Amino acid sequence: MRTLSKSMKNRLILAVSALVLALAALVALTRDTSRPIDGEAAQRLIAESLVHDAVVEGPYLYFKSAGTLYRVPTAALDMKKVYAQTAVTIKEPNPYMADLITLVVLLALMLYLLRWARKNREIREQQLSEQLQLAHELQKPADIRPMLSDVTFKDVAGIEEVKEELEEIIDFLRHPGKYHNFGIRMPRGVLLVGPPGVGKTLIAKAVAGEAGVPFFYQSGASFVQIYVGMGAKRVRELFQKAKQSAPAIVFIDEIDAVGKARGGMRNDEREATLNQLLTEMDGFEDSSGVIVIAATNKIEMLDDALLRPGRFDRRVFVSLPNRQERAAILRVYLANKPHHLDIDEVASMTVGFSGAALSSLVNEAAIHALKKGKKIIQLEDFTAVKDKVLLGKRKILTFSEEEKRVQATYQSAKAVTAWWLGIEFSKIGLLSDHFQNAEKEILSRSELLARVQVMLAGDTMLKERYGEGFTNGANDLKEARLIAQEMVEHYGMGEEGRVDAMAVESVLKEAREAVAQIIVKSREAVERLALALLEREVIEKEEIKTLVDDLF
Ligand code: ADP
């Protein structure tokens, strides 16, 4: 009964009281309420003419006297005398009457009980569905089930570099044995870092779709439950299921909900969940064939433990699409819509739009054209709805002119520094960079330090030019710190081989001082490149060379 709800309890009480009442009625109906009296006393009352309403029923004579109903066995009386002294009616007893009453009452009771049971079931079903809905709302699906993704890379427009980086993972998922036989350690975790709406979820689905493996989706928030221990349990279940269906992809959206840096305000539940996640990832066999892809837009907030080797050690940055990529995305969404448009023009007026924002922009423009009674979508439809999409319910990241200038300066400083330090890259974008990972297996300390310098270059330039830092550097600062940490903790490249936080700080300081020197010398080059970036958004490396060659 513990699990019965209040309304069900009330119903139960009602049903039991109805039963009791029915039984009481049955007893009352069939019970003899008359007072027994012996033959002699009855005979006396009759002789004195003090009785009325005398009735013979079955073996008894019933009569009333002074308001009381009496009963006396006829056998105890001299009936001839009785008949002579008073009026007696003889009532044939109905032998079936009592049975009939019992039957009717029982039938009624059964009907009632049946209805009650049915009603109960309905209530229970309703409660169950309410619970399920609630669970769904809490993003706590009752069961962890994979989905089969039919998304492929064809559905993801632009972001060619991201696709290239993930090719290896796809191949691994298709042929895990191949890698295992060669003893190649595959990444266990890939962290997709980028602002909302740039297609991180879409990319993860596409990886699953391309590899033809099941896709387990979980949002980070759904792990952090109200009850301590629930989140950790869910993580365990998730990985258990994923291993059973391996090769498989586990996708954790908004991992920062779980993986926020510890310290400060303690949250036992989140910490327990995070620890479980770390344990699961450490416990993987390389051949388990499960790859965890997580998404975040706040890598700088993540607990360092998540970013250690063997965990999310592969980081893929997904940036807002550049002009060409926006054009590609627009083409995807305009493909099935009649339009007369210069898509490049639409692309150039949508700086800062994410893929998701572009998709809703196309939709709004189509609605606008329809409302105007037009058969095709035109540029004016886009200009008419652009602000609406920007100011719409969904918060869309976009840059003002001033923000664009800051960002262009930032990116240019990185590109010029990379060029100066000989770090490979194909091009630089207003919204993205394309620094390649070193092809070499063995890197020197100065090569690693150069990477740290590139990550610090934008921030250093902005501080030099505007006298203060800006928030756009957060990801790079985090990356710089991670490289510095690796240098200190794994490669013993800290000062005098020290392995502590101080050593990390001093590597960062060293890099900062070195990059400041470069920035001082290349201020003009950075300005020039920034202007070009503002105009064209993406500049190839070859062009950078011709742009700034005369300066060095
Ligand atoms: P994120 O996970 O980065 O927040 P999503 O993957 O949820 O972004 O993207 C939301 C939607 O935006 C996608 O379902 C898709 O419709 C659209 N979208 C985003 N990026 C792209 C892209 N590169 N190509 C095509 N559609 C995209």
Any helices (runs of 4 or more DSSP H) falling wholly within the range 1-104 and containing at least 3 residues that are within 30 Å of Ala117 (Cβ to Cβ) and modelled with pLDDT of 75 or more: 6-30
Failed item in (1) more than 22 Å from Tyr410 (Cα to Cα); (2) buried (at least 22 other Cβ atoms within 10 Å of the Cβ); (3) not charged (D, E, K, R), with Gly492 passing the rest: (2)
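Can you name the residue in the range 541-550 that is farther than 16 Å from Leu421 by Cα and surrounded by 11 or more Cβ atoms within 10 Å (Cβ to Cβ) and is also modelled with the lowest pLDDT among such residues?
Pass one, the range 541-550, residues farther than 16 Å from Leu421 by Cα: 543, 546-547, 550.
From what is left, the residues that are surrounded by 11 or more Cβ atoms within 10 Å (Cβ to Cβ) are 543, 547.
Values: Glu543: 87, Leu547: 84.
Per the criteria, the residue is Leu547.
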All positions within the range 299-318 that are over 24 Å from Phe399 (Cβ atoms) and part of a helix (DSSP H, G or I): Asp304, Ala305, Leu306, Leu307
Selection within the range 128-165 - at pLDDT 80 or above, more than 13 Å from the ligand (Cβ to nearest atom) and outside any loop (DSSP other than H, G, I, E, B): Met147, Glu164, Glu165
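Output the number of residues of the range 514-540 satisfying the condition of being outside any helix (DSSP H, G or I) and hydrophobic (A, V, I, L, M, F, W, C). Spell out how you get there, then give the answer.
We begin by selecting, within the range 514-540, every residue outside any helix (DSSP H, G or I); these are 522, 537-540.
This time we only want the ones that are hydrophobic (A, V, I, L, M, F, W, C), so: 538-539.
Selection size over the range 514-540: 2.
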Considering residues of the range 467-485 that are free of Cβ contacts under 8 Å to residues at least 40 places away in the same chain and part of a helix (DSSP H, G or I) only, the residue surrounded by the most Cβ atoms within 10 Å (Cβ to Cβ): Ala484
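Could you say which residue among Leu533, Leu482 is within 37 Å of the chain's Cα centre (by Cα) and either assigned by TED's automatic domain parsing to the domain that holds Arg405 or within 27 Å of Met301 (Cα to Cα) (or both)? Lay out the reasoning, then the answer.
Details: Leu533 fails: within 37 Å of the chain's Cα centre (by Cα).
Exactly one of Leu533, Leu482 is within 37 Å of the chain's Cα centre (by Cα) and either assigned by TED's automatic domain parsing to the domain that holds Arg405 or within 27 Å of Met301 (Cα to Cα) (or both), namely Leu482.
Keeping to the range 34-60, report how many residues are over 20 Å from Ala75 (Cα atoms) and among the hydroxyl-bearing types (Ser, Thr, Tyr).
Of all residues in the range 34-60, those over 20 Å from Ala75 (Cα atoms) come to 48-50.
Checking the rest, the ones that are also among the hydroxyl-bearing types (Ser, Thr, Tyr) come to 49.
Residues flagged as over 20 Å from Ala75 (Cα atoms) and among the hydroxyl-bearing types (Ser, Thr, Tyr) within the range 34-60 amount to 1.
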Conditions (1) over 25 Å from Ala211 (Cβ atoms); (2) within 11 Å of the ligand (Cβ to nearest atom): number failed by Glu271: (2)
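For the range 319-391, which fully contained helices (runs of 4 or more DSSP H) count at least 2 residues that are within 11 Å of the ligand (Cβ to nearest atom) and buried (at least 23 other Cβ atoms within 10 Å of the Cβ)? Let's see the steps before the verdict.
On the way: elements: 323-334, 343-348, 355-371, 379-391.
Qualifying helices (runs of 4 or more DSSP H): 323-334, 355-371.
Could you run through the range 486-509 and say how many residues are assigned to a helix (DSSP H, G or I) and in contact with a helix residue (DSSP H, G or I) (Cβ under 7 Å, 6 or more places away or on another chain)? Walk me through how you get there before you give the answer.
Narrowing the range 486-509 to residues assigned to a helix (DSSP H, G or I): 486-489, 495-497, 501-509.
From what is left, the residues that are in contact with a helix residue (DSSP H, G or I) (Cβ under 7 Å, 6 or more places away or on another chain) are 487-488, 495, 503-504, 506-508.
Residues meeting the conditions: 8.
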Filtered residues of the range 508-534 (kept if surrounded by 23 or more Cβ atoms within 10 Å (Cβ to Cβ), modelled with pLDDT of 95 or more and either over 20 Å from Ile428 (Cα atoms) or of a type outside the set (Val, Ile, Thr) (or both)): Ala511
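Check the range 307-314 and report whether any residue there is among the basic types (Lys, Arg), within 20 Å of Phe153 (Cα to Cα) and at pLDDT 90 or above. Walk me through it before giving the result.
Residues of the range 307-314 among the basic types (Lys, Arg): 308, 311, 314.
Checking the rest, the ones that are also within 20 Å of Phe153 (Cα to Cα) come to 314.
Applying the additional criterion that residues be at pLDDT 90 or above yields none.
Taking every residue of the range 307-314 in turn, none turns out to be among the basic types (Lys, Arg), within 20 Å of Phe153 (Cα to Cα) and at pLDDT 90 or above.
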Looking only at the range 296-316, and only at residues there that are over 14 Å from Arg188 (Cα atoms), of a type in the set (A, V, I, L, M, F, W, C) and crowded, with 20+ Cβ neighbours inside 10 Å, the one that is farthest from the ligand (Cβ to nearest atom): Leu302
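The values are calculated or read from the model by the stated rules, or taken from the named source; none is laboratory data. Computed from a predicted model, the values in this text were never measured in an experiment. With ideal geometry, Cβ positions are generated from the backbone for all residues, glycine too; neighbour counts draw on all protein chains shown.
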